[in-house]
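In what follows, a structure is listed as structure tokens, so that the remarks can point back to it.
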Amino acid sequence: MNARTLAATRLMLPIMILCLCCYSCANESITETENLYVASLEDVSLQNEVFELINEHRISISLNPLKNLDIVYAKAEEHTNYMIATQEANHDYFFEREAYLKSNANAALVAENVAFAYTTATGVVNGWLNSEQHRAVIEGDFTHASISARKDKEGNFYFTHIFIKRLEE
């Protein structure tokens, strides 16, 4: 190998390594992205409808409408994904969600309602309103909330509706 070829190889080697690394990283990113959940239009529509029905109920009994809060949605979505993974509606790890929202969303009070297998917003809201404990949460002294609704592989919806009362800012 002559000096010119050796110099060219030394210049090309880092470029080839960089190209291989970029190709490898791009493939890993695609694989990781495939596992991320992106809410479907059906999920988002159902979430919005439930939120509106809850606020309509609160207004009908002279309570303040709830404001949506992204940080609450993140925790609701996280729990909905957990329920799908465990295949049961539950309140597992509620105290961790509560502590997180108290620390990061300035919440003084946190509560949640969960549900499974309802197919309509009216159905899930009526189910909660017909339950004394769930109704008490809906009609509680809260300022903000958010809901996550997601369908599992079998087509069953799981719901997590988290309510908070924010401290005065």
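Note on region 138-155: among residues that are modelled with pLDDT under 95 and over 19 Å from Asn48 (Cβ atoms), the one that is most open to solvent (accessible area, probe 1.4 Å) is Lys153.
Taking (1) touching a strand residue (DSSP E or B) at 6+ places or on another chain (Cβ under 9 Å); (2) open to solvent by 50 Å² or more (accessible area, probe 1.4 Å); (3) more than 15 Å from Thr160 (Cα to Cα) in turn, Leu66 satisfies each apart from (2).
How many of the residues in region 117-144 are part of a loop (DSSP other than H, G, I, E, B) and either free of Cβ contacts under 8 Å to residues at least 40 places away in the same chain or of a type outside the set (A, V, I, L, M) (or both)? Break it down into steps so the answer makes sense when it comes.
Start the filter on region 117-144 by keeping residues that are part of a loop (DSSP other than H, G, I, E, B), which leaves 117-120, 130-131, 139-143.
Keeping just the survivors that are either free of Cβ contacts under 8 Å to residues at least 40 places away in the same chain or of a type outside the set (A, V, I, L, M) (or both) gives 118-120, 130-131, 139-143.
So the count comes out to 10.
Of all residues in region 74-88, those satisfying the criterion of being surrounded by fewer than 19 Cβ atoms within 10 Å (Cβ to Cβ) and either of a type in the set (S, T, N, Q) or within 15 Å of Ser146 (Cα to Cα) (or both) are Ala74, Glu78, Asn81, Thr86, Gln87. Cβ-Cβ distances below 8 Å connect the following pairs, each with a first residue in region 52-78 that is touching a residue at least 12 places away in the same chain (Cβ under 8 Å), a second residue that is polar (S, T, N, Q) and open to solvent by 50 Å² or more (accessible area, probe 1.4 Å), and a separation of six or more residues or different chains: Leu53/Thr122; Arg58/Asn64; Ile71/Asn104.
Of everything in region 102-116 that is outside any helix (DSSP H, G or I) and out of contact with any Phe, Trp or Tyr (no Cβ under 8 Å at 6 or more places or on another chain), the residue that is surrounded by the fewest Cβ atoms within 10 Å (Cβ to Cβ) is Ala108. Residue-level check: of (1) under 14 Å from Ile54 (Cβ atoms); (2) open to solvent by less than 20 Å² (accessible area, probe 1.4 Å); (3) out of contact with any Leu (no Cβ under 9 Å at 6 or more places or on another chain), Tyr158 misses just (1).
Scan the helices (runs of 4 or more DSSP H) fully inside region 1-101 and keep the ones with 3 or more residues being in contact with a Phe, Trp or Tyr (Cβ under 7 Å, 6 or more places away or on another chain), modelled with pLDDT of 95 or more and on the phi < 0 side of the Ramachandran plot. Explain how you work it out, then say what you get.
Values: elements: 3-34, 41-60, 70-86.
Per the criteria, 70-86.
Scanning region 89-101 for residues that are touching a residue at least 24 places away in the same chain (Cβ under 8 Å) and either within 19 Å of Ala149 (Cβ to Cβ) or buried (at least 20 other Cβ atoms within 10 Å of the Cβ) (or both) returns Ala89, Asn90, Arg97, Leu101. Scanning region 121-137 for residues that are over 17 Å from Leu46 (Cβ atoms) and buried (at least 16 other Cβ atoms within 10 Å of the Cβ) turns up His134, Val137. If you filter region 58-106 down to residues that are aromatic (Phe, Trp, Tyr) and under 16 Å from the mean Cα position of the chain (by Cα), you find that the one that is nearest to Ala136 (Cα to Cα) is Phe94.
The values are calculated or read from the model by the stated rules, or taken from the named source; none is laboratory data. What you see is a predicted model; the values in this text were computed from it and never measured. As a convention, Cβ positions derive from the backbone with ideal geometry for all residues, glycine included, and neighbour counts pool all protein chains shown. Calculation scope for accessible area: heavy atoms of the full protein, side chains included, ligands and nucleic acids excluded. Shrake-Rupley method; radii C 1.70, N 1.55, O 1.52, S 1.80 Å.
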